[in-house]
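In what follows, a structure is listed as structure tokens, so that the remarks can point back to it.
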Amino acid sequence: MKTQIKILLAVISLMMFSCSKDEPPTPEDNQYVYVCTSNSAKTYHTDRTCVRLKTCKEDILEVTRKKARENERIICNDCSRRDKKENNDSVK
């Protein structure tokens, strides 16, 4: 019984941890984004000139958004805000 509870708790915690970095699939999955190859980097960037990307001291790779997400990267907050603003401006 204790083993089953431990397994259940492990599965639940794994699901919660893995879902925290997931983003829903988007039509832009084939769009190219930029990632810093530093071990501490956790984000991807839609703009090569992003201020946060400029602080990268390692190589910067161009990969698809899908590949970045598969490697547990999330979108940079600055890039996300910029993308939303651009989308709102284009709708007007």
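Among the residues making up the range 55-74, those that are exposed (fewer than 15 other Cβ atoms within 10 Å of the Cβ) and in a strand (DSSP E or B) are 61, 62.
Residues in the range 41-54 that are buried (at least 16 other Cβ atoms within 10 Å of the Cβ) and more than 18 Å from residue 27 (Cα to Cα): 4 in all. Would you check which residues across the range 75-92 are loosely packed, with under 15 Cβ neighbours inside 10 Å and among the charged types (D, E, K, R) and list them? Passing the criteria: 81, 84, 85, 86, 89, 92.
It is to be established whether one or more residues within the range 23-40 are exposed (fewer than 10 other Cβ atoms within 10 Å of the Cβ), at pLDDT 90 or above and not in a strand (DSSP E or B). Within the range 23-40, one or more residues are exposed (fewer than 10 other Cβ atoms within 10 Å of the Cβ), at pLDDT 90 or above and not in a strand (DSSP E or B).
The values are calculated or read from the model by the stated rules, or taken from the named source; none is laboratory data. Every value quoted in this text rests on a predicted model; they were computed, and no experiment measured them. Cβ atoms come from the backbone with ideal geometry, glycine included; neighbour counts cover every protein chain shown.
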